[in-house]
Structure formats: structure tokens, C-alpha cells
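A.B. asks: My structure is below; once you've seen it, I'll send some questions.
The values are calculated or read from the model by the stated rules, or taken from the named source; none is laboratory data. Please read these numbers as outputs of a predicted model, since none were measured by experiment. All Cβ positions, even for glycine, are placed from backbone atoms using ideal geometry, and neighbour counts span all protein chains on display.
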Amino acid sequence: MATLDGLPPLRDVIQRFDLAAKKSLGQNFLFDLNLTQKIARSAGSLEGVTVFEVGPGPGGLTRSILALGAKKVVAVERDSRCLPALAEVENYYPGRLEVIEGDALQTDFAALAAEKGEGGPVKIIANLPYNVGTQLLVNWLVPNDWPPFWQSLTLMFQKEVGQRIVARENDNHYGRLGVLSGWRADSHMVFDVPASAFSPPPKVTSTVVHLTPKAQPLPCDLAKLERVTLAAFGQRRKMLRQSVKSLGGEALLAKADIDPQRRAETLSVEEFVVLANNL
Ligand code: SAM
């Protein structure tokens, strides 16, 4: 069967390189190149852009990113079994794909961007391994140096995680992740991907989330923001005067001009920042 890019169909690649999916590595592969194309397109124009990808696996999304004209893809993959399959993609797009064998959680992406980005725009696009996806997102959101090295993040998550990332006040999914991402970035869910699109299918629906960094996030100390959100959402059904008691309770809330009878879920991101700044 012909493919969009002339490379072999992904099912053949998986068979030829014996890439049986490993659960421990969060491997749920996408075979439909129209779908991977749609994910890559959600990142906006890729012309002249260096794309960082985490977990290229057999290379479906990687191929779509390259076909859409990215200047270069730098992909970090932990599973060495995938490297020969990715070498075929490298040969097909000479000089435009660099695969780094390693653990994305241990990778200094900012340093990599300085080294590989050639001063141009960098975007991150990934169908993330679910066991490390949230931690990677947090790593990309917390650096002191802001704006960050990335121009956008286009990431696949379990839908429930996606809902927590984009959630704001008065939403059941609102919590620490929503406050952190709302402080540093603008985000939205782009489209859902049914479990049946993956091989093997995960238990739940997935969703693609797109984030862009806020140019000037409100000044705030991350450690303090984490302390207030941990306390407030740790007892999310309780009134704030109770849930943030250990941080100063009513006195702290008075300084921040926040009604002590409110609950964590009703506070906007900006109000959490004010609370943190009064610690
Ligand atoms: N991009 C491929 C696709 O869309 O079909 C594969 C996505 S699969 C959900 C996740 C990929 O991340 C796998 O290839 C897995 O080996 C890789 N992976 C898992 N943990 C990793 C880590 N800590 N660092 C880098 N890659 C990792």
C-alpha cells in the first residue's frame, strides 16, 4: 500500500523490525499517517522550525512532521529497538532527522535547543508515553528563564490529563496542573483520539493539547505557588481558611484579599499567584 511519503506503511515497519509494543515504555503506536499528519498540523507552520519529539517509536509522527516541512526533527527515544526503523526515515530525509537514544526525563531540552536550534524557532510535538507525559510537561513549564526555548507544545495525553491541563476555576478538573499551566501558558484541547487509533489500544480516550508560552507571566515564586496549590487542593472540598491553615490561614487570606470561605476550585490562577506572593 502506498503511503503519503513513499516510505513503507507503519505496520510493515513494526513487523520488519519486530517492534512488539512494550507496556513498560508506554508504547501505544499510531499507524494512521493521516492522523499523525493531523497532529503535526496542529502545531501550526513548521517551515524553518526545529521540532523536538519525545518517543518517535517506529516514526509515524516523525514522518508527518518532516513531510510538513520542519527544518529538522531532533527525537529522543529510549527504546533502542526503534533505532533501525528511524534510520530508514533519516536516510529518506537526509540531514533532517537526528535521533538521540536516551531518557527524555533526563534530557536537558533547553541546552539541546541552544545546541541544535540554530537560533531559530523550536516547537515540541509528541505522542507522549503516558507514564512520563505529565512530568515532562511540568519540566517544560517551570524554568526560571522565561520565555522558554519552545514556541509551542503540541502533546498527546490521556483525555483526563488534557482536561486537567486546560481547566480553569469552577471546573471539576481544575487543580495544581491547571494553575501551573495557566500561570505560564495559554492552552487548549485540539481534538480527541479514540483508543482504537492506537496499537495496542489504551484503556481511555486521548486528546491533543496545544500550549503556547505566556510572554509575561505574573511574577511569582514557583516554590510558593506549589505550596499554596498543594495545600488548597489537598483539601479541595474544605474552605480555604481550613485548607491553607498551615500557611497562615485567615491572616494570609486577608493579606491576599481573598474570602476565607471560598474553596480552592473557585480561585483563578491570578488569585493563586496573589496568595503565593503573600506567603
Ligand atoms: N511516536 C510514536 C507514535 O506516535 O506511534 C510512539 C508513541 S508511544 C505512545 C511513546 C514512545 O515513547 C515509545 O516509542 C517509547 O519507547 C518512548 N518512550 C517511553 N519512555 C520514554 C522516555 N523516558 N524517554 C524517551 N522516550 C520514551
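A.B. asks: From the set of residues in region 70-100 that are touching a strand residue (DSSP E or B) at 6+ places or on another chain (Cβ under 6 Å), within 14 Å of the ligand (Cβ to nearest atom) and touching a residue at least 40 places away in the same chain (Cβ under 8 Å), which is farthest from LEU112 (Cα to Cα)?
C.D. replies: VAL89
A.B. asks: Can you confirm whether SER45 is surrounded by fewer than 23 Cβ atoms within 10 Å (Cβ to Cβ) and either at pLDDT below 95 or assigned to a strand (DSSP E or B) (or both)?
C.D. replies: no
A.B. asks: Now, a different point. Looking at HIS188 and the list (1) surrounded by fewer than 19 Cβ atoms within 10 Å (Cβ to Cβ); (2) touching a residue at least 60 places away in the same chain (Cβ under 8 Å), which single condition is not satisfied?
C.D. replies: Failing condition for HIS188: (2).
A.B. asks: Exactly one of (1) in a helix (DSSP H, G or I); (2) within 12 Å of the ligand (Cβ to nearest atom); (3) surrounded by fewer than 23 Cβ atoms within 10 Å (Cβ to Cβ) is unmet by ASN34. Its number?
C.D. replies: (2)
A.B. asks: Does VAL209 satisfy being within 16 Å of the ligand (Cβ to nearest atom), buried (at least 17 other Cβ atoms within 10 Å of the Cβ), of a type in the set (Val, Ile, Thr) and in contact (Cβ under 8 Å) with a residue 12 or more places away in the chain? First the steps, then the outcome.
C.D. replies: On the way: within 16 Å of the ligand (Cβ to nearest atom): yes; buried (at least 17 other Cβ atoms within 10 Å of the Cβ): yes; of a type in the set (Val, Ile, Thr): yes; in contact (Cβ under 8 Å) with a residue 12 or more places away in the chain: yes.
So VAL209 passes the test.
A.B. asks: Every residue in region 253-270 that is part of a helix (DSSP H, G or I), exposed (fewer than 15 other Cβ atoms within 10 Å of the Cβ) and without any contact (Cβ under 8 Å) to a residue 24 or more places away in the chain, please.
C.D. replies: Matches in region 253-270: ALA254, LYS255.
A.B. asks: Would you confirm whether or not region 135-142 contains a residue that is farther than 24 Å from ASN277 by Cα, surrounded by fewer than 19 Cβ atoms within 10 Å (Cβ to Cβ) and within 16 Å of the ligand (Cβ to nearest atom)?
C.D. replies: Yes, region 135-142 contains at least one residue that is farther than 24 Å from ASN277 by Cα, surrounded by fewer than 19 Cβ atoms within 10 Å (Cβ to Cβ) and within 16 Å of the ligand (Cβ to nearest atom).
A.B. asks: Can you say whether ALA67 is small (Gly, Ala, Ser), under 14 Å from LEU97 (Cβ atoms) and either more than 8 Å from the ligand (Cβ to nearest atom) or surrounded by fewer than 22 Cβ atoms within 10 Å (Cβ to Cβ) (or both), as far as the supplied structure shows?
C.D. replies: Yes, satisfied.
A.B. asks: Another one. Looking at region 50-58, can you tell me whether even one residue there is more than 16 Å from GLU90 (Cβ to Cβ), crowded, with 16+ Cβ neighbours inside 10 Å, among the aliphatic types (A, V, I, L, M) and within 8 Å of the ligand (Cβ to nearest atom)?
C.D. replies: yes
A.B. asks: Additional query: Could you give me the residue pairs with C-beta distances under 6 Å whose first residue belongs to region 44-64 and is closer than 11 Å to PRO121 by Cα, whose second residue is within 16 Å of the ligand (Cβ to nearest atom) and in a loop (DSSP other than H, G, I, E, B) wherever it lies, and which are 6+ apart or on separate chains?
C.D. replies: Close Cβ pairs (under 6 Å, with a partner that is within 16 Å of the ligand (Cβ to nearest atom) and in a loop (DSSP other than H, G, I, E, B)) amount to LEU46/LEU68.
A.B. asks: Taking helices (runs of 4 or more DSSP H) that do not extend beyond region 83-174, which have at least 1 residues that are under 23 Å from LYS38 (Cβ atoms)?
C.D. replies: Answer list for region 83-174: 83-92, 133-141, 159-166.
A.B. asks: Right, next: Keeping to region 226-252, report how many residues are within 25 Å of TYR130 (Cα to Cα) and surrounded by 19 or more Cβ atoms within 10 Å (Cβ to Cβ). Reasoning before the result, please.
C.D. replies: Just the residues of region 226-252 that are within 25 Å of TYR130 (Cα to Cα), to begin with: 226, 229-230, 233-234.
Subsequent filtering for residues that are surrounded by 19 or more Cβ atoms within 10 Å (Cβ to Cβ) retains 229, 233.
The total comes to 2.
A.B. asks: Let me ask something else about it. Mind checking which residues of region 226-252 are on the phi > 0 side of the Ramachandran plot and assigned to a helix (DSSP H, G or I)?
C.D. replies: GLY249
A.B. asks: Could you run through region 173-205 and say how many residues are of a type in the set (A, V, I, L, M) and more than 17 Å from the chain's Cα centre (by Cα)?
C.D. replies: The number of residues fulfilling the criteria is 3.
A.B. asks: Can you name the number of the only condition in (1) free of Cβ contacts under 8 Å to residues at least 60 places away in the same chain; (2) part of a loop (DSSP other than H, G, I, E, B); (3) out of contact with any Lys or Arg (no Cβ under 7 Å at 6 or more places or on another chain) that ALA215 fails?
C.D. replies: If we test ALA215 against (1) free of Cβ contacts under 8 Å to residues at least 60 places away in the same chain; (2) part of a loop (DSSP other than H, G, I, E, B); (3) out of contact with any Lys or Arg (no Cβ under 7 Å at 6 or more places or on another chain), just (1) comes out false.
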